[in-house]
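Engineer: What follows is a structure written as structure tokens; I'll ask about it next.
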Amino acid sequence: MRMNAPVLSPEEIKRIHKDSIRILEEVGVKVPSEKALSILEAGGAKVDYDKQVAYITEAMVDAAFKAAPKEFLLGARNREHDLWLPTTRTVLNMDGCGSNVIDFNTGEKRLGTLQDLADVGKVFDAIPQAKVLWSCIHPEDTPNSRAAGVWATATSLINTCKHVQDEVQREDELPYIIEILKAVLGGTEEDVIERKIYSATYCTVAPLCHDKEMLEGTMALTKYKAPVLLYPMPACGSTGPASLYSNVALANAESLSSLVIYQLTTPGTPLIYGSALGRINLKTGAFLEGAVETELMMAAMVQMGKYYGLPTMAAGCLSDANSVGMQAAMEKVLTTVPLTHNDVDIIQGIGLIEGSMTLSLEQMIIDAEIFEHCMRMHQGIDVCDDKDYFEDIKAVAQGGHFLKQKSTRKAFRSDEFYNSKLIPGDTYDTWKAAGSKDMKDYAHEKVAAILAADPVCPLDANTEKLIREIMAEAAAKL
Amino acid sequence: MDIYELMKEAVLDGDEEEAVRLAEQALEEGLELQKVMDEGFLAGIQEAGQLYEDEEYFLPDLVCSADAMKCALEVLDEAMKNDPNAQKGAAAKVALVTVQGDVHDIGKTIVGAMMTASGFEVYDLGTDVLNEDVIAKVKEIDPDVLGLSALLTTTMEEQGNIIEMLKAEGLRDDVKVIIGGAPVNQAWADKITADGYSDNAIAAVKLAQEVLK
């Protein structure tokens, strides 16, 4: 059987759902947007306009779930990379909103740039399991900081042929984003709606608040039926209650409020049930991504999302380490297993350390490797007639070996064994003679080769020129 | 337990109501304010700080102690101003704010608690505060240190904008500006000519002490 890791029983899932409904009905959620409040009121919510608080009912949540599609496309510039949700096998994403980079050449930490985002796109395209690219750092070298979001999105779209996810931080960014998407597709607004090559993350602000600018920007985006990732981030013990259970209930309540707002704004908006919960360092209050409790909560959120029948995405493969090394490796394994073992659709977080604030291109490669090991573990032990090799045992009998059995040679080419490319398994002397290289060295070599090669699926020059003109206009006008 | 001991305990327990009650009692009984501070409330916050250093107190304990201390100080504030013998340890003033467009409160709150626990007089200006309102508050409060928090890559720009506005108003030399928040770092602090940056609340206290030397 497969190796699964549920953390909530069916009864516990229902209990958390009820808790979340109670939070929405009795405590309410702050929505600092007249537009959203009036939509909520028309949809049946009790609204306190002075406090900007809406009290959302269970019936509203039920209606929103009926309106939300359960299956949809995350399209890609290269159709070969189109991703249908829910997936049949977990895939990978970066996280967003970091600011630093471990420089690939010097190893020094510095602020991230547009060139780094371009390099990320290239490395991302070379990782088969990587399917959704959230622009992972805020480039510090955009000519106008108010256009940085648009520039980051555009840079990702130019440099990856896979699906791009980002954020609509303000409504005034949206016309430029739509123009860029039209340029990439060489099409119209209808093509943007149909192909869905762009989706947006929407973060609530814990506890129980929405952010006006991002909310109104994302509400405007729903007109184009772009998928929206619901992304609550309460930190257990500071911006969330200090039990994993209640922190999940709070996060779920925030997501249900987002679900209701978007389905009321544009019924049928595709939504991904996401999660980026955390706990804090007991002493400093720092948000801990790499902690075990963090990922237990994420596993619970994945179960909640599946209970609701929505595609799921969760922050995982995370680390609070300040460097690519032992701590990062340990935390990333511990924060990947609970997701692979709950069949999340998309894991969000490869390539980043320091609480997803810092990018390492080598870490992208290492994380894809960690992911594959976790996936193999999740696959478990397949006890079936096809893999019943009694005849081999009988043939070899006592002593001897199985190396020459046909089934052995076949199995070595199957998914029975994961053949690691980053762990060569040399003996000590061979390893030392080859320069005592570790995983990071092999990852570095791999990245160097990817960056030196031509792009796998480059955007044509005319389209890129058109996008750069839109970027320039955004920089001039935003 | 004498009243000074009770004051210390109230702060250590993070008991705001008790701290207020004892501060009011001190005023009613005309107790010597310097002693009320040194042997009562300040002694409490100092011990809380020590317990935190010793890892017996965690962050929530310290936040509660700091808030109890602040509640007592608010009661005593008027009387202290009018008492030439009483000083609040001649505390340096720190104004903390989360910049405009950013509603994230927690980092600033933690820094405020740590600063209070370390003897600073802390003014919390709130979150998502317009840059011009920050400038107005700097004029009004005249802080020694201005701490600017930003949790978003999209709002960290405001830290630089506020520094530029301080320069334009001729206020830049009167206040040390320190910055914090997940996306910022020393390179960013250098770029926007802040006086310092720290990546956690304990370091922020040390930084504030450092820039005031």
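Engineer: Quick one: count up the residues across the range A:223-262 that are in contact with a Leu (Cβ under 7 Å, 6 or more places away or on another chain) and of a type in the set (Gly, Ala, Ser).
Structural biologist: Total satisfying the criteria: 6.
Engineer: Still on this model: Restricting to the range B:47-64, count the residues that are free of Cβ contacts under 8 Å to residues at least 12 places away in the same chain and either farther than 22 Å from B:Ala201 by Cβ or away from chain A (no Cβ under 13 Å) (or both).
Structural biologist: 1
Engineer: Further question: Given the criteria surrounded by fewer than 20 Cβ atoms within 10 Å (Cβ to Cβ), more than 14 Å from the chain's Cα centre (by Cα), within 13 Å of another protein chain (Cβ to nearest Cβ) and not charged (D, E, K, R), does B:Asn185 qualify? It would help to see each step written out before you state the result.
Structural biologist: Values: surrounded by fewer than 20 Cβ atoms within 10 Å (Cβ to Cβ): no; more than 14 Å from the chain's Cα centre (by Cα): yes; within 13 Å of another protein chain (Cβ to nearest Cβ): yes; not charged (D, E, K, R): yes.
No.
Engineer: Can you tell me which condition A:Glu369 does not meet? The list is (1) assigned to a loop (DSSP other than H, G, I, E, B); (2) at pLDDT 95 or above; (3) among the charged types (D, E, K, R), and all the others hold.
Structural biologist: That leaves (1) as the condition not met.
Engineer: Considering only residues that are surrounded by 17 or more Cβ atoms within 10 Å (Cβ to Cβ) and either more than 16 Å from B:Arg21 (Cβ to Cβ) or in contact with a Pro (Cβ under 9 Å, 6 or more places away or on another chain) (or both), look in the range B:65-87 and name the one that is nearest to the other protein chains (Cβ to nearest Cβ). If you could, list the steps in order and put the result at the bottom.
Structural biologist: Kept after step one, since they are surrounded by 17 or more Cβ atoms within 10 Å (Cβ to Cβ), are these residues of the range B:65-87: B:65-73, B:75-76, B:80, B:86.
Those still in the list that are either more than 16 Å from B:Arg21 (Cβ to Cβ) or in contact with a Pro (Cβ under 9 Å, 6 or more places away or on another chain) (or both) too: B:65-66, B:80, B:86.
On the way: B:Ser65: 14, B:Ala66: 13, B:Met80: 30, B:Ala86: 32 Å.
Among those that are surrounded by 17 or more Cβ atoms within 10 Å (Cβ to Cβ) and either more than 16 Å from B:Arg21 (Cβ to Cβ) or in contact with a Pro (Cβ under 9 Å, 6 or more places away or on another chain) (or both), it is B:Ala66.
Engineer: List the number of the failed condition for B:Ser149; all other conditions in (1) more than 14 Å from chain A (Cβ to nearest Cβ); (2) surrounded by 24 or more Cβ atoms within 10 Å (Cβ to Cβ) hold.
Structural biologist: Of the numbered conditions (1) more than 14 Å from chain A (Cβ to nearest Cβ); (2) surrounded by 24 or more Cβ atoms within 10 Å (Cβ to Cβ), the odd one out for B:Ser149 is (1).
Engineer: Go through the residues of the range A:263-278 one by one and say whether even a single one is outside any loop (DSSP other than H, G, I, E, B) and within 14 Å of chain B (Cβ to nearest Cβ).
Structural biologist: Within the range A:263-278, the first condition is being outside any loop (DSSP other than H, G, I, E, B), and the residues that meet it are A:263-265, A:271-273, A:278.
Applying the additional criterion that residues be within 14 Å of chain B (Cβ to nearest Cβ) yields A:278.
Looking for residues that are outside any loop (DSSP other than H, G, I, E, B) and within 14 Å of chain B (Cβ to nearest Cβ), one finds at least one in the range A:263-278, hence yes.
Engineer: Something else about it: Could we say that B:Gly119 is within 14 Å of another protein chain (Cβ to nearest Cβ) and among the small types (Gly, Ala, Ser) here?
Structural biologist: no
Engineer: Still on this model: Mind telling me which of the residues A:Lys30, A:Lys18, A:Lys46, A:Lys14 ends up being in contact with a strand residue (DSSP E or B) (Cβ under 6 Å, 6 or more places away or on another chain) and within 29 Å of A:Gln303 (Cα to Cα)? Talk me through it step by step, then tell me what you get.
Structural biologist: Values: A:Lys18 fails: in contact with a strand residue (DSSP E or B) (Cβ under 6 Å, 6 or more places away or on another chain); A:Lys46 fails: within 29 Å of A:Gln303 (Cα to Cα); A:Lys14 fails: in contact with a strand residue (DSSP E or B) (Cβ under 6 Å, 6 or more places away or on another chain).
Step by step, each of A:Lys30, A:Lys18, A:Lys46, A:Lys14 is checked, and only A:Lys30 is in contact with a strand residue (DSSP E or B) (Cβ under 6 Å, 6 or more places away or on another chain) and within 29 Å of A:Gln303 (Cα to Cα).
Engineer: Output the residue which, of all residues in the range A:168-178 that are within 14 Å of chain B (Cβ to nearest Cβ) and either buried (at least 24 other Cβ atoms within 10 Å of the Cβ) or more than 18 Å from A:Lys225 (Cβ to Cβ) (or both), is nearest to the chain's Cα centre (by Cα). Break it down into steps so the answer makes sense when it comes.
Structural biologist: Let us first name the residues in the range A:168-178 that are within 14 Å of chain B (Cβ to nearest Cβ), namely A:168-173.
Then keep just the ones that are either buried (at least 24 other Cβ atoms within 10 Å of the Cβ) or more than 18 Å from A:Lys225 (Cβ to Cβ) (or both); that gives A:168-170, A:172-173.
On the way: A:Val168: 16, A:Gln169: 18, A:Arg170: 21, A:Asp172: 25, A:Glu173: 22 Å.
Here the residue is A:Val168.
Engineer: Can you name the residue in the range A:205-228 that is aliphatic (A, V, I, L, M) and within 27 Å of A:Ala249 (Cβ to Cβ) and is also nearest to the other protein chains (Cβ to nearest Cβ) among such residues? Explain how you work it out, then say what you get.
Structural biologist: Applying the first criterion (aliphatic (A, V, I, L, M)) to the range A:205-228 yields A:205-206, A:208, A:214-215, A:219-221, A:226, A:228.
Add one more test, that the residue is within 27 Å of A:Ala249 (Cβ to Cβ), and what stays is A:205-206, A:208, A:214-215, A:219, A:228.
On the way: A:Val205: 5, A:Ala206: 9, A:Leu208: 12, A:Met214: 9, A:Leu215: 12, A:Met219: 18, A:Val228: 18 Å.
Among them, the one singled out is A:Val205.
Engineer: Going through B:Thr153, B:Thr116 one at a time, which residue ends up being in a helix (DSSP H, G or I) and touching a residue at least 24 places away in the same chain (Cβ under 8 Å)?
Structural biologist: Working: B:Thr153 fails: in a helix (DSSP H, G or I).
Every option except B:Thr116 fails the conditions.
Engineer: Scan the range A:298-334 for residues that are aliphatic (A, V, I, L, M) and in contact with a His (Cβ under 8 Å, 6 or more places away or on another chain) and report the count.
Structural biologist: Of the range A:298-334, the ones aliphatic (A, V, I, L, M) are A:298-302, A:304, A:310, A:313-315, A:318, A:321, A:324, A:326, A:328-330, A:333-334.
Remaining after also requiring in contact with a His (Cβ under 8 Å, 6 or more places away or on another chain): A:299, A:304, A:333.
Residues flagged as aliphatic (A, V, I, L, M) and in contact with a His (Cβ under 8 Å, 6 or more places away or on another chain) within the range A:298-334 amount to 3.
Engineer: Follow-up. Among strands (runs of 3 or more DSSP E) lying entirely in the range A:52-155, which contain 2 or more residues that are among the hydrophobic types (A, V, I, L, M, F, W, C)?
Structural biologist: On the way: elements: A:53-55, A:72-74, A:83-85, A:91-93, A:100-102, A:109-111, A:130-134.
The strands (runs of 3 or more DSSP E) meeting that bar are A:53-55, A:72-74, A:83-85, A:91-93, A:100-102, A:130-134.
Engineer: Residues in the range B:156-170: is at least one within 14 Å of chain A (Cβ to nearest Cβ) and basic (Lys, Arg)?
Structural biologist: The answer is no; no qualifying residue exists.
The values are calculated or read from the model by the stated rules, or taken from the named source; none is laboratory data. Just so it is clear, the structure is predicted and the values come from calculations on it, not from any experiment. Cβ coordinates were reconstructed from backbone atoms using ideal geometry, including for glycine residues, and neighbour counts include every protein chain displayed.
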